Structures are given as structure tokens and as C-alpha cells.
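> Once you've had a glance at the structure underneath, I'll fire off some questions.
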Amino acid sequence: MVDMLKKNTTYFEEKRPDPLSDELRYLTTLLVSKNEEPLEELFQSGSSHSVITCFEGGSKNIVPHHQTVMEKIRAALKLLAFRDKHVLVQFWLPRDVGKHKLLTIVDQPFGVGVADERLCSYRRHSERNAIFVDKDDEEEDIGPPARVFRRGLPEWTSDLTNYSPKQYPQQDLAISCKLHGYLALPVFDSTIGLCVGVIEVLGSKKYTSFAYEVQQIHEALKTQNLTCPQAFDNHATNSITQIPSERRDNELNKILAILKSVCGSYNLPFAQTWAVTPCTSFVSHDKIIKECCSSFDTICTGKVCMSTAGLPFEVRDLLKWKFKDECRVRHLDKSKGFVGRALESRGSCFWEDLTKLNEEEYPLVHYARIYRVSSCLAIFLHSVETNNDYVLEFHLPLGTKDGRFVQDVVETLKQMIPVDSGFVLGDTSPMDWSDSESTVTNVSDQGSSTNVSTGKRCATMFIDDEETSSPLKKLKIDFDLVPSVPVKVTFVQSAINFRLPVPLKLVDLETEVAQRLNLEGKRPRLKYKDEDDDLILLACDADLRDLLRYSASNNTTTIKIIITLVDE
């Protein structure tokens with residue numbers, strides 16, 4: 001048959017097409033079947049195998065062609081390039097036969113990386129097997145293409161031996177043809193969201209990840225107004241039709257506004273949002289077909305993952321763009337790292353220096369070192385309306401070690417996310433990080449606890465411990481239940497220092513200053529010096545909030561006030 005393929009120059013396109021980009025020129029493009037496929041000549045198997053015939057009520061029905069979809073798929077196949085040259089890509093089309101719907105590859109376009117007897121043998125056998133998809137058969141009994149068509153979700157495996165013969169009826173044939181890696185993707189009409197068929201990819205390599213192939217197919221289909229699920233897509237099934245829910249859009253816009261405001265107020269270089277990834281694919285592993293995330297990577301099999309893909313972010317330092325991109329195409333295990341800890345504890349975590357962690361503690365540490373990502377604050381956020389959980393990750397200026405700066409960021413978040421905002425902010429205790437004794441305890445101690453006898457709470461902060469093999473340790477700190485902010489007031493030749501609870505109001509500050517300086521009967525005018533050394537009057541609460549942000553941007557949380565008097 002291989003000799004026949006090589007001699008039959010009219011069967012495939014005259015030349016291999018160019019792939020989508022120059023970067024792919026070292027990969028294998030497909031030999032794509034032509035419009036008119038001489039199946040009888042090619043396979044020498046007679047006309048009964050060239051078309052599908054079904055008998056319903058004694059009448060013979062010939063399945064019609066679906067020319068438009070066929071031509072779109074053929075055009076898309078011409079744009080693909082693969083890492084594996086021993087690859088077969090074929091399209092399963094649904095057809096109505098009498099009262100039933102079946103999937104078939106007969107007369108449908110396909111492509112091979114190389115004219116190989118084993119690939120052609122599998123193709124020939126597949127043409128003889130139409131699959132009914134409208135019967136009440138158990139999903140395990142019908143094979144991957146039918147399961148994918150029914151669910152509208154992908155199915156894949158790094159090795160076909162991960163299937164049982166019941167789950168993959170053609171398993172013995174595939175293995176004898178030296179085929180291992182498997183991927184099946186539902187194909188949708190982009191305009192109406194209707195599933196028009198299934199693309200099936202089989203290759204000789206045992207890939208641990210199919211993300212590259214999925215993205216290649218997605219981009220190729222897009223040129224034909226078709227689509228399929230994407231790798232690292234963070235949406236549920238509504239992403240297929242590209243019609244996101246209005247409620248979710250509004251929610252994400254609110255989160256984006258929060259990230260922009262906080263980064264702008266404190267000059268933070270980068271912030272992003274994490275969420276648990278929905279199950280948007282199926283993977284076969286150890287003879288069990290399991291739900292999985294959208295990474296198409298075996299590293300995520302059996303895990304609950306978190307992702308940033310499709311979620312709000314704010315980048316003010318261009319160097320962090322690359323780090324953001326690396327985060328988008330990698331999932332984090334929910335049970336590991338500071339993001340997972342913030343989610344599971346429904347609280348907050350702070351790391352002084354991420355670059356000193358190991359890969360098990362923080363899988364993205366390699367990229368953090370490259371792109372100079374250091375101090376980081378992660379805070380849990382819950383949406384009341386949609387019941388979605390998020391983690392907001394704020395990357396602080398390089399070398400940030402002042403816990404009071406972190407506390408100010410948190411206090412600003414509290415003010416931005418009131419009770420009636422539709423969001424609930426996770427436990428943000430403590431963030432006075434410096435006014436207490438501390439002890440280092442094991443990292444296995446999680447969350448926060450309450451000391452009833454002293455009326456204080458013990459919260460968690462992560463620091464570096466140079467004397468241990470693992471740099472990830474917890475620093476337990478006692479702090480007052482009511483957070484406060486340090487204030488320094490200068491009046492004539494005197495200066496006083498005190499603390500006030502936050503959130504801080506201007507009237508409270510004026511009252512405290514008047515009492516401490518014995519200014520009863522006088523109206524103190526509160527001012528501060530800005531970056532130009534100009535005196536700025538504090539006239540309202542908004543001015544005071546601006547002062548808090550200004551102080552934080554200068555890596556100090558102490559409010560410095562200058563007092564002048566106005567007679568009553």
C-alpha cells in the first residue's frame with residue numbers, strides 16, 4: 001500500500017503546504033488528501049468500503065456528503081505542523097442515516113506526516129467502522145470519537161495502553177501500528193456553537209503534553225471560522241461558543257479595577273488573578289478515564305489545578321510581561337505554593353523572597369529568578385453572586401521587607417472591597433508585622449489561631465530561614481485585633497508619635513492631635529509634604545487616603561503630619 005501511495009501522485013496535494021509560521025519550518029507538515037479521493041484504487045477493498053450504506057426498514061440509504069465542512073477541514077489540515085512525523089490526522093463527520101446519527105471518516109479529509117504502511121493500515125480500518133452516537137450505549141463502549149462528540153469536550157492520553165480494550169475498541173490495531181499518543185478534539189462552528197465533527201490525532205510518540213498540538217489545531221481551525229477547545233483555557237464549556245456570561249464579565253471587570261487601583265496607588269510592578277481551573281477535558285490513565293483541566297499535560301492528571309488564563313491582570317513593569325506569560329501556560333497544584341495556601345486557608349500569605357524557594361514549594365521559581373520577581377502577597381477573594389473563589393496575587397517592589405508596607409496594601413484592599421461590594425475578602429490578619437516578638441515554627445502549621453487568654457490572634461507570615469535546608473518557614477506574630485497605623489506629628493519645635501486604628505478618618509486624627517497637644521479651643525490644620533516638598537492640606541477623608549498611598553509608595557507607612565493653627 002505504501003508503494004501505491006508513493007506512485008499515486010494524484011491522491012495527495014502536489015506539495016506540502018507551508019505551516020502557519022516560519023518558526024515551524026523544522027516540523028512535519030501533513031500530506032493532505034485531495035478533494036477527490038480514489039478510495040477503491042487506494043485501498044483495493046471494493047466499493048462496499050468506499051461509502052457507508054445502512055439498511056433501515058428494508059430500504060438502502062446512501063449517506064450524503066457535507067462539502068462545506070469537508071473543505072474547511074481540508075484547508076485547516078494544510079496549515080498544521082507536528083513534532084512527530086509518524087502522525088495521522090483524520091476527521092469524523094456526523095451524518096444522519098434514517099433515524100440515527102453516526103460518525104464516519106469515509107470521504108472525509110485526512111493527512112499523514114509520512115506515507116507509512118502502518119498509518120495507512122489504521123486509516124483503512126477506521127473507514128470500515130462507523131460509530132452510532134445517538135444510542136444509549138455506555139460511553140466506555142463507543143470509543144473516543146463518539147465520547148468526544150457526545151460531551152463536546154476533548155479526550156487524550158499519552159499512551160493508548162492507558163485505555164482498556166473496551167474503552168478503545170481499536171487498541172490492538174493501533175498498538176500493532178506502533179501508535180501511542182492520542183488526541184481527539186470536538187470541532188465547532190464558531191458562529192452558532194454547533195459541534196460539526198471530531199478531529200482525531202494519532203502518533204508514534206508518547207507525549208506527556210499535547211498543549212502544542214491543541215493550539216496548532218485551534219489556530220488552523222480559526223482561519224476557517226471553526227473552533228475547538230484551547231490549551232490553558234480557564235473557562236467552562238461556554239468558551240466554545242465565545243459567548244461569555246455577562247455576570248462573569250462584570251465580576252472580572254470589578255477584579256481588574258481592584259488590581260489597577262492597588263498597583264497604581266502603591267506603584268506595584270505586577271498583579272494577577274488565580275482561580276481553580278474547571279474540568280474541560282478527559283484523560284485516560286491506568287485504564288480509567290478521568291476529568292482533567294485544560295493543560296493537556298500529564299503533570300495535571302488527578303490534581304486540582306489553578307490557572308491565571310483568561311483572568312484579570314495588571315502589568316506596570318514591562319519586564320514582568322514575560323513572567324505573566326509563563327504563568328498563563330502553567331498550572332499550579334492547588335495543594336502547593338503560596339497561591340494554593342491562600343485559597344485553602346481562605347486567607348492571605350506573604351513571601352519576602354520567592355526566588356529562594358525550591359521548585360516543589362513554588363513551581364514557577366525558575367521564572368521568578370529570571371524576571372526578578374521577589375516579594376509577593378496573595379489574598380483570597382470570594383464572589384457572593386457567582387460563588388467563585390479567586391486569589392489575588394500582588395508582586396511588590398523588589399526587595400520589599402517592610403511588613404508595614406504590606407499591611408497598608410491590605411488596608412487599601414479592605415477599603416476597596418466593602419461588605420456590599422459583592423465580594424468577601426479573605427482573612428487579612430495581621431499585616432502590623434514588626435511590633436512583636438516572633439518564633440519560627442514548621443511550615444506544616446497552617447492558617448491562623450486565636451489566643452483566648454490574651455485576646456490576640458496569631459497569624460502567618462513566610463520568611464527565609466538561612467539555617468535550614470528549606471527556606472520556606474512560618475513566622476508567627478502576635479498583634480492587636482484592631483490594626484493600626486503609626487502617626488508622627490510635628491508642631492512648632494515638638495514632635496509626638498502615636499498609633500490610630502484603621503480605617504482612619506480625618507476627624508479622628510484631628511481629635512487625637514488636639515487632645516495630645518492640648519489644643520482645645522483651637523482648630524489644628526493638618527498638612528503633609530509631598531514629593532516636591534510642598535505643604536498639602538488635609539481637608540477630607542479622601543486627602544487622608546491619598547496621604548496613606550503616598551507614604552506607602554515611599555516604602556513607609558508612618559503618616560507624617562505638620563500642624564498649623566487657625567483661631568476659632
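The values are calculated or read from the model by the stated rules, or taken from the named source; none is laboratory data. What you see is a predicted model; the values in this text were computed from it and never measured. Virtual Cβ from ideal backbone geometry, glycine too; neighbours counted across all protein chains shown. Just the protein is used for accessible areas: all its heavy atoms, side chains included, with ligands, DNA and RNA removed. Shrake-Rupley method; radii C 1.70, N 1.55, O 1.52, S 1.80 Å.
> Roll a 1.4 Å probe over the protein heavy atoms and report the accessible area of Arg330 in Å², nearest 10.
Near enough 80 Å² of accessible area.
> Now, a different point. Quick check on my link table: of Lys101/Lys287; Lys320/Lys401; Lys522/Lys560, which ones sit more than 24 Å apart, alpha carbon to alpha carbon?
From Lys101/Lys287; Lys320/Lys401; Lys522/Lys560, over 24 Å: Lys101/Lys287.
> Calculate what fraction, in whole %, of the accessible area of region 106-226 sits on carbon and sulfur atoms when a 1.4 Å probe is rolled over the protein chains.
Of the solvent-accessible surface of region 106-226, carbon and sulfur hold 49 percent.
> May I ask you to derive the relative contact order of region 152-304, considering only C-alpha pairs under 8 Å and at least 6 residues apart, and to give it as an integer percent?
27
> Just to verify a number: what accessible area does His86 come out at with the full protein assembly present, 1.4 Å probe, Å² rounded to tens?
Near enough 50 Å² of accessible area.
> I would also like to ask the following. If you average 1/r across every pair of different Cα atoms in region 248-425 and take the reciprocal, what Kirkwood value do you get, in Å? Walk me through the numbers on the way to the answer.
Values: mean 1/r = 0.0598 Å⁻¹.
Hydrodynamic radius (Kirkwood, Cα only) of region 248-425 equals 16.7 Å.
> How big is the accessible area of Asp233 in square angstrom, nearest 10, if you roll a 1.4 angstrom probe over the protein chains?
Asp233 exposes around 30 Å² with every protein chain in place.
> With just the Cα atoms of region 281-380, tell me how far they stretch along each of the three principal axes, in Å, largest first.
That works out to 45, 28, 25 Å along the principal axes.
> Here is a further query. Report the relative contact order of region 484-563, percent, no decimals, based on alpha-carbon pairs under 8 angstrom and at least 6 residues apart.
Averaging sequence separation for qualifying contacts and normalising by length gives 37 percent for region 484-563.
> Using a probe radius of 1.4 Å on heavy atoms only, what accessible surface per residue do you get for region 484-563? Whole Å² is fine.
55
> Using just the Cα positions, wrap region 271-323 in a convex hull and report its mean projected area in square nanometres, one decimal place.
Approximately 4.1 nm², given one-decimal rounding.
> Also, quick follow-up: At a 1.4 Å probe, what is the % contribution of carbon and sulfur to the accessible area of region 484-563?
Numbers: 1960 of 4420 Å².
C and S fraction of accessible area: 44 percent.
> Provide the per residue accessible area, probe 1.4 Å, for region 248-425, rounded to a whole number of square angstrom. Mind showing how you got there, number by number?
Values: 6970 Å² over 178 residues.
For region 248-425, the per-residue accessible area is 39 Å².
> Ranked highest first by the average count of other Cβ atoms within 10 Å around their residues, in what order do 352-361, 206-215, 275-284 fall?
Packing order, densest peptide first, comes out as 275-284, 206-215, 352-361.
> Could you work out the percent of alpha carbon pairs in region 484-563 separated by over 16 Å, rounded to a whole number?
For region 484-563, the fraction of Cα-Cα distances above 16 Å is 47 percent.
> Ok, one more. Please list Glu520, Glu117 from largest to smallest accessible area, probe radius 1.4 Å, with all protein chains kept in place.
Details: Glu520 125, Glu117 75 Å².
Order by accessible area, largest first: Glu520, Glu117.
> Also: Could you look at region 248-425 and say what percent of its accessible area is carbon and sulfur, using a 1.4 Å probe and all protein chains?
About 49 percent, which is the carbon plus sulfur part of the accessible surface.
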